[in-house]
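FYI, it's all coordinate maths here, none of it is from the lab. These numbers come from a predicted model, not from an experiment. Note that we place each Cβ from the backbone using ideal geometry, even for glycine, and neighbour counts take in every protein chain shown.
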Amino acid sequence: MSKKPIAWVVDSTAYISDILAAHPDVHVVPLAIHFGQEQYADGIDLTSDELYNRIRNAEEFPKTSQPAAGEFAKLYEQISEEYEAILAVHVSAKLSGTISSSKSGAEIAEVHMECVDSLALSSGITKLVERGIVLQERGMHLEEIATQLRSEVKNLRNYILIGNLNQLYKGGRMSGVQFFLGSLLQVKPIIHLTEEGELKALDKVRSQKKALNYLVDKAVDAYEKDGVRSIDLMHGNIPDQVAELKDLIQSKVPGLEVRVGEISSVLAVHAGEGTIAALWHVPAE
């Protein structure tokens with residue numbers, strides 16, 4: 001029996017949309033969440049509700065870790081029995097060593113693979129994979145698809161309202177000075193992923209209401225000035241608040257499609273409950 005052409009691989013920082021969940025050629029590799037000596041596979045051993053409950057009651061914050069190269073190698077060996085090649089899209093290399101483990105795993109397994117650094121996380125990864133699947137359906141081959149996706153990562157726009165500054169700081173993703181000032185002034189920092197895939201402070205507002213209005217304004221500008229027709233709103237366990245945000249955005253730009261989803265548990269460890277991220281890709285000129 002002939003092999004299928006391409007298997008798609010993402011890590012569990014990605015938002016697993018309905019499209020990805022239903023696609024038979026998409027494989028998800030979980031990162032790990034650690035509570036002391038206990039280890040859980042993201043999205044498998046621990047639900048989001050269980051994670052938030054444990055964080056609320058934990059004496060110390062959990063930690064996360066990337067999959068080992070051996071885990072990737074094992075998966076890639078299995079995949080190679082059914083597929084000719086692999087296209088992996090991973091969380092930004094500036095945020096995690098996952099992509100390095102993935103490449104090492106491919107070398108161990110001796111498989112034909114292209115690996116794309118999304119320079120993003122959550123639905124930023126999702127959008128690239130969904131785009132890649134469309135390109136494959138149009139007849140493009142592995143290397144062509146990978147090249148196209150790498151050219152499109154720079155078109156990602158994202159604005160992130162962190163739910164818990166303390167978790168971001170203790171997870172090593174925020175400097176002590178930024179944390180101190182944010183806590184002292186009760187500032188709501190807006191952060192974003194740069195074109196290099198790094199988390200940087202972008203702006204700051206003084207209230208949750210102003211923070212949400214900030215996201216609304218950015219979404220309206222994206223629609224009116226950049227030709228964006230669909231955006232994603234990712235959240236950390238606040239579905240009602242994000243539903244209201246979606247309604248507010250669409251009341252101003254009815255033609256804008258807004259997809260809502262939850263951040264993965266491994267992202268929730270760092271960003272915290274109450275996080276909201278607005279993400280979209282600007283159409284190529």
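Overview of values
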item	result
With 5 Å bins from 0: P(r) over the chain, alpha-carbon pairs, percent	1, 5, 12, 16, 19, 17, 13, 9, 5, 2, 1, 0, 0
Cleavage-rule hits (trypsin sites (Lys or Arg not before Pro)) in segment 236-285: DSSP loop, at most 12 neighbouring Cβ within 10 angstrom	none
Residue pairs, from the table 188/246; 4/154; 94/218; 3/94, whose Cα atoms sit over 23 Å apart	4/154; 94/218; 3/94
GNM result for the chain, Cα springs below 10 Å: residue of 15, 214, 159 fluctuating most strongly	214
Segment 4-153, dipole about Cα centre (Lys/Arg Cβ +1, Asp/Glu Cβ -1), debye to the nearest 20	420 debye
log10 of Debye I(q)/I(0), alpha-carbon scatterers only, for segment 42-96 at 0.14, 0.25, 0.27 Å⁻¹	-0.62, -1.09, -1.14
Burial ordering of 102, 251, fewest other beta-carbon atoms within 10 Å first	251, 102
Stretch gain in nm, segment residue 131-residue 50, where the contour uses 0.36 nm per residue and the Cα spacing is subtracted	25.9 nm
Sorted by Cβ neighbour density within 10 Å, fewest at the top, the residues 162, 44, 190	44, 190, 162
Taking only Cα atoms of segment 4-153, radius of gyration then Dmax in Å	15.7, 53
